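To start, the structure under review is shown below, and the notes come after it.
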Amino acid sequence: MVKDYVKKPKVMAKDVNLYYGDFHALKGITLSMEENTVVALIGPSGCGKSTFLRCFNRMNDLIPSTRITGYVMVDGKDINDRSMNVDELRKNIGMVFQKPNPFPKSIFENVAYGLRVNGVKEAKFIEERVERSLKQSALWEEVKDKLKKSAFELSGGQQQRLCIARALAIEPSVLLMDEPASALDPISTAKIEELIYELKNQYTIIIVTHNMQQAGRVSDKTAFFYMGELIECDDTKTMFTNPKHTRTQNYITGRFG
Amino acid sequence: MMDSGKIHRRKQASQNFVFTLFTLMSASIVLVLFVILGFIVIRGLPAISWDFLTKMPEDGMTKGGIYPAIIGTFCLMLGSMIFAFPIGIMSGIYVHEYTKDGILKRFMKAMTNNLAGIPSIVFGLFGMSLFVNDLHFGDSILAGSLTLGLLVLPVVIRTTEESLKAIDNSFRVGSYALGATKLQTIRKVVLPMSLPNIITGLILSIGRISGETAPILFTVAAYFLPKLPHSIFDQVMALPYHLYVISTSGTNIVESRKMAYGTALVLVLIVLILNLLANVLRRYFGKKVKMN
């Protein structure tokens, strides 16, 4: 890879401030991400990394008395602009949550859900897309004979991969992952990480994680948050071997947090 | 140092005492229920026959059956359902899913609670003055159903609200994250999940409607009307009012006592069957929602 080739940023935050009521949760965050990279957001609990993640699909809108200033750009468009349709935005920005949250529907319907709510009716198309998404999320082999079964019958790790398939089915260009493996066992975690590595070729991925090794394994860039501020963001290798700030170093080496 | 053996024994004793007390209290409740049911079944069963269920009352309501009262009660149940369920469910969804936490939501909740606290006789009075007199519905199924509907509305709203509250927010958020609108999320994820609970609550509320006397007193119930209604503007007899009439002001109270116990049994059976139905439906829907 040519290092100094400057790509147009896929996702960009510029001077983002976010308030929950009086609480200043994000303080002037500026960060940009290139296409097809994985960025890990790390930091102690309550540092604002999940809040920052939710800025990119405007999930913070769902939390009462939230106020945001600054710019969050996806593909060069300000997503907080009045002209932005938030449903369209969320179709383009997939999200995977900390706890697997499949719908109480069949495995097939879970993956098809995003297509259906976005107006896709053609049965053949939906079938193909469901199969493709389940293959992408490395779940197909395990569920292909029981697509009509309830998603609740799957294990936690399988459910999380189902949720990833569900997000992939509507072909987003960015994938947000909020500690996607924190509720899973080590084997499932390894599978999810492998998956992230595969998905990087087609998606821009932002992942929040508490697991330093995980950040080191899956990400190209790492951003360290502390008390609502972005302390430092650099190539993951640099961050882990030669961080600029002592606070970053302390956190990464496990001396605090 | 304290004697630890003594403390242990004392702790154990108070533990046993409270546990026994709670057990006795729970047992007494079950006992009371069985006594009431047994009483009604033993007294009422001899009166029950096919004729009793399908014939008009005869001889000053001392003989014959309670057919028109059964039909009347079903008419009122159906009428109030048609009125209260759509409005109540929609309000419940509005309050829980659409209003943000704040003055409006608290106001709505307070109003719902106040409505639920109003004595049913007041609803009867209100129904009479509004539906019967001002709107000229007269004593009619329509007026009675509307009155009963009003009475049960807060129950429906609260049932809906509680059922929606039980749905974990992660399902909503998961749906929004896929680009679903609020309406789609409610229709395709939230409502199907809460449906079993809503339906159960609604059926139980119908049970309550079937036994209400005060609201129908001035709005629909007929003292003696040995024919079936032809339209929603007709009066009907109804089981609870019929029970009241033949126990307190019939032509021959002693003679009609047997009929009264029979009527009570029918009323209780209707409620029991509704409760059973609620259970069956909840199980059925619970399965269906998961498999869907």
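In table form, for the structure just shown:
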{"item": "Solvent-accessible ranking of A:Trp140, B:Trp50, largest area first, probe 1.4 Å", "result": "B:Trp50, A:Trp140"}
{"item": "Over the protein assembly as shown: helical MRE at 222 nm, DSSP H runs n ≥ 4 each giving -39500 (n - 2.57), nearest 500", "result": "-17000 deg cm²/dmol"}
{"item": "Rg/Rh (Cα only; Kirkwood hydrodynamic radius) as it applies to segment B:175-229", "result": "1.35"}
{"item": "Cα-projected label distance for B:Arg283 with B:Thr99, points at 7 Å along beta-carbon direction, nm", "result": "3.7 nm"}
{"item": "Radius of gyration and maximum dimension Dmax of segment B:50-291, Cα, Å", "result": "20.6, 70"}
{"item": "Over segment B:4-47: Kirkwood hydrodynamic radius from C-alpha pairwise inverse distances, Å", "result": "13.0 Å"}
{"item": "Dipole of the protein assembly as shown, positive direction: furthest Cα of A:Ser50, B:Thr23, B:Leu45, with charges on the beta-carbon", "result": "B:Thr23"}
{"item": "Convex hull projection area averaged over all views, chain A, Cα basis, nm²", "result": "14.4 nm²"}
{"item": "Protein accessible area in the protein assembly as shown, 1.4 Å probe - carbon and sulfur %", "result": "60 percent"}
{"item": "Rg(Cα)/(2.2 N^0.38 Å) for segment A:51-176, N = residue count", "result": "1.13"}
{"item": "Cα-based shape type of segment A:167-233, given that a ≥ b ≥ c are square roots of the gyration tensor eigenvalues and the cut on a/c is 1.5", "result": "oblate"}
{"item": "Bins of 5 Å, starting at 0 and running to the largest distance - Cα pair percent for segment A:86-154", "result": "3, 15, 24, 29, 20, 7, 1, 0"}
{"item": "Unsatisfied cross-links (Cα-Cα over 29 Å) in the set A:Lys124/B:Lys100; A:Lys14/A:Lys200; A:Lys27/A:Lys237; A:Lys8/A:Lys124; A:Lys77/A:Lys135; A:Lys99/A:Lys200", "result": "A:Lys124/B:Lys100; A:Lys8/A:Lys124; A:Lys77/A:Lys135"}
{"item": "Quotient of Cα Rg and 2.2 N^0.38 Å for the protein assembly as shown, N being how many residues it contains", "result": "1.32"}
{"item": "Chain-alone versus full-assembly comparison, segment B:163-194, residues with accessible loss of at least 30 Å² (1.4 Å probe)", "result": "B:Ser170, B:Phe171, B:Val173, B:Gly174, B:Tyr176, B:Ala177, B:Leu178, B:Gly179, B:Gln184, B:Lys188, B:Val189"}
{"item": "Cα-projected label distance for B:Ile7 with B:Leu78, points at 7 Å along beta-carbon direction, nm", "result": "6.9 nm"}
{"item": "Extension reserve of the B:Ser14-B:Tyr223 stretch, reckoned as 0.36 nm per residue once the Cα distance is removed", "result": "69.6 nm"}
{"item": "R0 of 25 Å, Cβ-Cβ distance A:Val86-A:Lys135: FRET efficiency to nearest 0.05", "result": "0.25"}
{"item": "Using alpha-carbon coordinates, inclination of helix A:156-168 to the longest axis of chain A, degrees", "result": "90 degrees"}
{"item": "Surface/4 estimate of mean projected area, convex hull on alpha-carbon atoms of segment B:1-160, nm²", "result": "18.4 nm²"}
{"item": "Sparse-neighbourhood loop sites, trypsin sites (Lys or Arg not before Pro) in segment B:153-227 - DSSP loop, at most 16 other Cβ within 10 angstrom", "result": "B:Lys227"}
{"item": "Set of lysines near B:Lys258 by C-alpha distance (under 21 Å), chain-local residues within fewer than 8 positions excluded", "result": "B:Lys55, B:Lys63"}
{"item": "FRET efficiency for A:Ser155 and B:Asn275, using Cβ-Cβ distance with R0 set to 45 Å, rounded to 0.05", "result": "0.75"}
{"item": "Heavy-atom accessible surface that A and B bury in contact, both chains counted, 1.4 Å, Å² to 100", "result": "2000 Å²"}
{"item": "Between 0 and 90°, nearest 10: helix A:123-136 axis offset from chain A longest Cα axis", "result": "50 degrees"}
{"item": "Part-to-part distance (alpha-carbon centres) for segment B:130-202 and segment B:64-106, which is given in Å", "result": "8 Å"}
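The values are calculated or read from the model by the stated rules, or taken from the named source; none is laboratory data. Note that the structure is a prediction, hence the values are computed from the model and not measured. Reconstructed Cβ throughout: ideal geometry from the backbone, glycine too, with neighbour counts over all protein chains shown. When the accessible area is computed, the model is the full protein with side chains, heavy atoms only, and any ligands, DNA or RNA have been set aside. Shrake-Rupley method; radii C 1.70, N 1.55, O 1.52, S 1.80 Å.
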